[in-house]
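Asks: Handing you this structure, nothing more for now.
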Amino acid sequence: MSLRKFISNKTIAALAVIGTAFANTSAFAQAAGAAAATAEKPVDMGPVYKTAIFYVMAFLLLCLFIAIVGKALKVYELTREAQDKPKGINWNAVNGTLFAIFLIVGLYGVYWEYTVHGKMILPEAASEHGKKIDQMFNLTLIITTIVFIATHIILFAFAYFYKHTGKRKAYYYPHNNALERIWTIIPALVLTVMVLMGFLTWRSIFYKIEDPNNKPISIEITSSQFAWAIRYSGPDGVVGLKNYKLITSENALGIDFKDKNAMDDLVADEMVLPVNKPVRLILTSKDVLHSFYMPHFRVQLNTVPGMTSYFEFTPTITTEEMKAKTNDPKFEYLFLCAKICGEGHYKMQKKVRIVSQKEYDAWLAEQGTYLNDDLRKQFNMPVTAAPAPAPAAATAPADSTAADSTAVQTTQTALKK
Amino acid sequence: MSTISLHDTHNHDSHDDHGHHKETFLSKYVFSMDHKMIAKQFLITGIIMAVIAMGLSILFRIQLAWPDKSFPILETFLGEWAEGGRIKPDFYLALVTIHGTIMVFFVLTAGLSGTFSNLLIPLQIGARDMASPFLNMLSYWFFFSACVIMMSSFFIQTGPASAGWTIYPPLSALPTAIKGSGLGMTLWLISMVLFVASSLMGGINYVSTVLNMRTKGMDLWKMPLTIWAFFLTAILGILSFPVLVAGVVLLVFDRSFGTSFYLSDIVMGTQVLPNEGGSPILWQHLFWFLGHPEVYIVIMPALGISSEVISVNSRKPIFGYHAMIYSLIGITILSFIVWGHHMFVTGMNPLLGGVFMITTLIIAVPSAVKTFNYLATLWRGNIKFTPAMLFAIGLVSFFISGGLTGLFLGNASLDINLHDTYFVVAHFHLVMGSAAIFGMLAGVYHWYPKMFGRMMSNKLGYLHFWLTFICAYLVFFPLHFLGLDGVPRRYYAFTEFEFMQKWLTVNVFVTWAAIIGGLAQVAFLWNFFYSIFKGKKAPQNPWGANTLEWTAPVEHIHGNWPGEIPTVYRWPYDYSKPGAEQDFIPQTIPFSETMSSNMPHDFEGNAEAERIQKEWEDQRDADEKTKLD
């Protein structure tokens, strides 16, 4: 009897709540309607939407709504129970069905993601080793997608089909050694293949045998908060020594000009590389860890203070070709910082241009050396003795075509060495 | 043998306590030495920290979605860290760092292991309390202090640590490199040392309790998978956490006493630092030697909990109990030799990269076995969708989705282009973040009646699950594609790069999903705290489960069981056994009471028992024959 009483109280209370809510909303609606009728000018709600209190109120209203729905459900279930009817809502069926719906909608969502967002990802690799990485990526993607879809279909289908009905008993099935062996061995085999492929590719990337006829271009990258410095080796093909203790405001990289190889090193504001020519990156850092990341070339390596690391790769697609391939006239290669390095982390970048050998030579000839008069003084070198035609080209790039072509020639001979 | 004597002393202790001490508020709720209360302390602290960390994530998600909009309310709360209503870049990094730290250590390690190891180890193995209740209490209070100190860094001028949760030096070592590496980082390091101390005290306690204090009949191969998971997690923690302390101490030396363990050849601006000979890579080795086992410390208890929950609610024995344990052991061992996969592109010797790739991909095998075993457990089950079961199924889904992307990242060659991008963010938020938090929530819903003696509302649980499950996928699935486009993580804004512009709308979408997912937690918080006081009274065994904890009285008593501790006769997964009257047979029921459902392998080769069973069966067959005749 007390149960009856309880229900009726609850019912009345819930009904009252629902009633008030309805009355309120309709009242609001009426008021709004009236307001709309009297004042024709729409109220500017812009500032209202910007206030936090608006969202708090909206959320509270939502909570109230959920509470009312909850109460209504409870009332419904309790009345069913009181009338000795079967349970009002079969939550096992509801949840089982929701899993089935989730599976179908989810599969569509995955398809949508793969096709829409999947199209927005990086274009094909623009380097030799990058192609291998892409192949392996695709293979891994196919394998994992199959497993992903299959296991999810199984998971949610089981959830749907084997939901509790009260009519049957679960199947007592504690183990099956054959089955377990199968699903230990098959993943193990698939993984072995992937490990082998990965291992071989990894070795081919990091253990390069130098071809004496096709020596890589050496370029040194120095990271600092929050900028990149690029140093080309100059005509001699060797990047000169540097020492962090020599760093001053004039000598920002701490280049040791006592080393002859450093004399002709070139400063560059962007990275320009000839296509199909191996490049050896010498990665160093001045202050904290950074990560040199060239996504289009599948190149990444951290730059570590106190440790020099190397990455060798060969670009295969010029910027112009990539513009055509991606159908994006504004396309540019770049490199950026991928390791948290401070508040300017999100800005560190430099442009990369892949050009033909001819364009590269022309560009290189225009770059100035690091060594300038200030530094000469510092290292007690004669200021007047200009060692190479390169600085001449830098100071007066459009002076004479003759100077330019000689510069190009010297650089070319240097590279061919 | 020692087990028995230990039990006796404990028996006495508990009686003494009741006889002579009057429990005060302080001894019952604050400095409690009762494992059940300590579990609740861990849980509630963990929940509070989770809410804070989630709030932080919403803050930085807002920055990512609307990088050029101003939100005056942010300035109201954050002051000069959000001048003009926009979060500043260094504070953004602080948010990311503290979000990660809190979630990984305080929520998913202490909140998860601390809560459920404390609650379930004594109750499921049949012990009066932990091996050392006092150490247990200390463990909680060290953890609490660690939380307080970590949070206090929000109230100092230079702000919290902001070098990422992995705090790689030199960034974390040099206050001139980033503001957060001043006092904020010092507090981070102190907090972490306290945290590790807490975790060690907890871990030692868990291991010794499991090894020494199991009740009669509870041999290792009769323990529930939850206990196996907690046990192995504790071992992992004991072996790996000290390494973090070692690393932290060296970092403290570098920061405060001018040593050069991690620093060398550094020039800040034009100021040449005197440090020589150290290596930043050393920190990474030390950190990840803990850091990788740490992710298994996070996920294994969740897997243990979900094994139990899935078995109970499918009304089926867990498929391949032994395989589940062996795979846990396999994961435990392998997790110590895979740390290098976090370091493929640090510039360490490429040979190491190859080796770590092999070990990393091997660890996928036991993980795959576990997944398939879960699926086999669901097969032909009789699944009751309690909120706990929903979360456990959600865990399996996340474990698959996030685990599979691990195959990309574990492959050193593929990692070159994916390292430190959003692909990594998506990967570990699914496999370790979402999966582990779902395991934790499954545990909360499942053992809430045991903790508070009351039931949570199922309907709110359903709402909570579906919103959270959907939102988690909406948040993390699109992030994979940002990573595949080469967008690095921990970027304050995408505005500086032309190629990232196209992801701005995705960021807005993800942020809205995160906000809705965050608000969905209100359903849980309300349900949790309201039900403590007003929930329906819990019955003795609300889910029809076999494990020992459901034989203990609903009302908590010191010492868990009045009178003798029950004896265990069987494994914990006899659900829906053919021939049994009910669809579950608790561990405390001897085989002699279930003659009709006994199976040959139940007796593990005990000839005497087999003979008795055979006699009984012959008798039954004879009876039936006479009946038929």
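A short reminder: the numbers here are calculations on the coordinates, not readings from a lab. Quantities reported herein were computed from a predicted structural model and do not represent experimental measurements. With ideal geometry, Cβ positions are generated from the backbone for all residues, glycine too; neighbour counts draw on all protein chains shown.
Asks: Per residue of A:63-75, what is the mean number of Cβ atoms on other protein chains within 10 angstrom of that residue's Cβ?
Replies: Mean inter-chain Cβ contacts per residue within 10 Å come to 2.
Asks: Ordered by packing density, taken as the mean number of other Cβ atoms within 10 Å over each peptide's residues, highest first, how do B:199-207, B:214-222, B:327-335 rank?
Replies: In descending order of packing, they fall as B:199-207, B:327-335, B:214-222.
Asks: Could you work out how far apart the two model spin labels at A:Arg168 and A:Ser204 are, taking each label as a point 7 Å from the Cα in the direction of the beta carbon, and quote it in nm?
Replies: 5.1 nm
Asks: On to the next question. Chymotrypsin sites (Phe, Trp or Tyr not before Pro) within the stretch A:114-207: which are DSSP loop residues with at most 11 other Cβ atoms inside 10 Å?
Replies: A:Tyr207
Asks: So for the pair B:Trp141, B:Thr76, with labels modelled 7 Å out along Cα→Cβ, what separation do we get in nm?
Replies: Placing both labels 7 Å along Cα→Cβ, they lie 3.9 nm apart.
Asks: Can I ask one more? Treating the protein assembly as shown as a set of equal point scatterers at the Cα positions, no solvent, please give the Debye-formula log₁₀ I(q)/I(0) at q = 0.07, 0.08, 0.09 Å⁻¹.
Replies: Calculated log10 I(q)/I(0) at the listed q: -0.70, -0.88, -1.07.
Asks: While we're looking at this one, here's another question. How do B:Phe494, B:Phe372, B:Phe257 line up, fewest other C-beta atoms within 10 Å first?
Replies: Ranking B:Phe494, B:Phe372, B:Phe257 by Cβ neighbours within 10 Å, fewest first, gives B:Phe257, B:Phe494, B:Phe372.
Asks: Work out the FRET efficiency for A:Glu320 and B:Leu352 from their Cβ-Cβ distance, taking R0 = 51 Å, and round it to the nearest 0.05.
Replies: Values: r = 39 Å, r/R0 = 0.77.
Efficiency at R0 = 51 Å is approximately 0.85.
Asks: Here is a further query. Using Cβ counts within 10 Å as a stand-in for footprinting exposure, how do B:His322, B:His292, A:His152, B:His446 rank, fewest first?
Replies: By the 10 Å Cβ count, ascending, the order reads B:His322, A:His152, B:His292, B:His446.
Asks: Evaluate peptide A:297-303: per residue, the Cβ atoms of other protein chains within 10 Å of its Cβ; return the mean as an integer.
Replies: Values: counts 2, 6, 3, 11, 6, 12, 2.
If you average over the peptide's residues, the count of other-chain Cβ atoms is 6.
Asks: Running Debye on chain B with equal point scatterers at the Cα sites and no solvent, what base-10 log of I(q)/I(0) appears at q = 0.06, 0.09 Å⁻¹?
Replies: Here the Debye-derived log intensity ratios amount to -0.34, -0.75.
Asks: For A:Lys169, give me every one of the aspartates and glutamates with a C-alpha distance below 20 angstrom, ignoring sequence neighbours fewer than eight places off in its own chain.
Replies: Partners within reach: B:Glu308, B:Asp574, B:Glu581, B:Asp583.
Asks: Another one. Using amide H atoms built 1.01 Å from N in the peptide plane, name the residues 5+ places from A:Val272, or on other chains, whose amide H lies under 5 Å from its own.
Replies: Excluding prolines and chain starts, which carry no amide H, the hits are A:Arg353.
Asks: If you don't mind, there's one more thing I want to ask. Determine ³J(HN,Hα), in whole Hz, for all residues of the stretch B:354-361 in sequence, where each value follows from phi through the Karplus function 6.51 cos²θ - 1.76 cosθ + 1.60 and θ = phi - 60°; x replaces Gly and Pro.
Replies: x, 5, 5, 5, 5, 5, 5, 6
Asks: Residue by residue through B:478-486, how many Cβ atoms from other chains fall within 10 Å of the Cβ on average?
Replies: Counting other chains' Cβ atoms within 10 Å and averaging over B:478-486 gives 5.
Asks: In what sequence do B:Met223, B:Met455 fall when counting other Cβ within 10 Å, fewest first? If you can, show how the numbers build up before the last one.
Replies: Numbers: B:Met223 24, B:Met455 16.
Ranked by crowding around the Cβ, least crowded first: B:Met455, B:Met223.
Asks: For the stretch B:25-244, what's the relative contact order in percent, using C-alpha pairs closer than 8 Å and at least 6 residues apart?
Replies: Numbers: 310 pairs, mean separation 50.2, N = 220.
Computed value for the stretch B:25-244: 23 percent relative contact order.
Asks: Moving to a separate point now. Hull surface divided by four, with the convex hull built on the Cα atoms of the stretch B:25-244: how many nm²? Provide the component values of the computation, followed by the final result.
Replies: Details: hull surface 53.6 nm².
For the Cα atoms of the stretch B:25-244, the hull's average projected area reads 13.4 nm².
Asks: For the ranges B:41-52, B:412-423, B:469-480, what's the packing order if you count other beta-carbon atoms within 10 Å of each residue, average per peptide, and put the highest first? List each step's numbers first, then the result.
Replies: On the way: B:41-52: 20.7, B:412-423: 26.2, B:469-480: 22.2.
Averaged packing, sorted descending, gives the order B:412-423, B:469-480, B:41-52.
Asks: Apply the Karplus curve 6.51 cos²θ - 1.76 cosθ + 1.60, θ = phi - 60°, to the phi angles in the stretch B:54-68 and return the couplings in whole Hz, x for Gly and Pro.
Replies: Result, ordered by residue: 5, x, 4, 5, 5, 4, 6, 5, 4, 4, 5, 7, 10, x, 10 Hz.
Asks: Pairs of Cα atoms under 8 Å, at least six residues apart: use those to get the relative contact order of chain B, whole percent.
Replies: Once divided by the residue count of chain B, the mean separation gives 15 percent.
Asks: Long-range amide H contacts for A:Ser291: which residues qualify at under 5 Å (H placed 1.01 Å from N, peptide plane, sequence gap of 5 or more or a different chain)?
Replies: Residues meeting the amide H criterion: A:Thr303, A:Ala338, A:Lys339.
Asks: Can you compute the FRET efficiency between A:Asp259 and B:Val249 using 1/(1 + (r/R0)^6), with r the Cβ-Cβ distance and R0 = 41 Å? Round to the nearest 0.05. Each step should come with its number before you reach the end.
Replies: Details: r = 40 Å, r/R0 = 0.96.
After rounding, the FRET efficiency stands at 0.55.
Asks: Taking Cα centroids, how far is the stretch B:307-330 from the stretch B:37-113 in Å?
Replies: Taking the Cα centre of each part, the stretch B:307-330 and the stretch B:37-113 sit 35 Å apart.
Asks: If you take the beta carbon distance between A:Val94 and B:Val554 as r and set R0 to 30 Å, what does 1/(1 + (r/R0)^6) give as a FRET efficiency, to the nearest 0.05? Working shown, then result.
Replies: On the way: r = 29 Å, r/R0 = 0.96.
My answer for the efficiency is 0.55.
Asks: Given A:Lys167/B:Lys222; B:Lys222/B:Lys537; A:Lys351/B:Lys179; A:Lys87/B:Lys459; A:Lys119/A:Lys350; B:Lys88/B:Lys179, which pairs have Cα atoms separated by over 19 Å?
Replies: The pairs that break the limit, which is 19 Å between Cα atoms, are A:Lys167/B:Lys222; B:Lys222/B:Lys537; A:Lys351/B:Lys179; A:Lys119/A:Lys350.
Asks: Kindly list the residues of the stretch B:614-629 that lie in the label zone of B:Glu581, defined by a backbone N under 19 Å from the point 7 Å along the Cα-to-C-beta vector.
Replies: Correct set: B:617, B:620.
Asks: Counting only helical runs of four or more DSSP H residues, what would the 222 nm mean residue ellipticity of chain B come to if each run contributes -39,500 (n - 2.57) and the total is spread over all its residues?
Replies: One gets -20500 deg cm²/dmol as the mean residue ellipticity at 222 nm.
Asks: Extension gain B:Met595-B:Glu23, at 0.36 nm per residue separation less the Cα-Cα distance, in nm?
Replies: Extra length available between B:Met595 and B:Glu23 comes to 201.3 nm.
Asks: Distance in nm between label sites at B:Lys536 and A:Phe59, each 7 Å beyond Cα in the beta-carbon direction?
Replies: Spacing of the two 7 Å Cα→Cβ label points: 3.0 nm.
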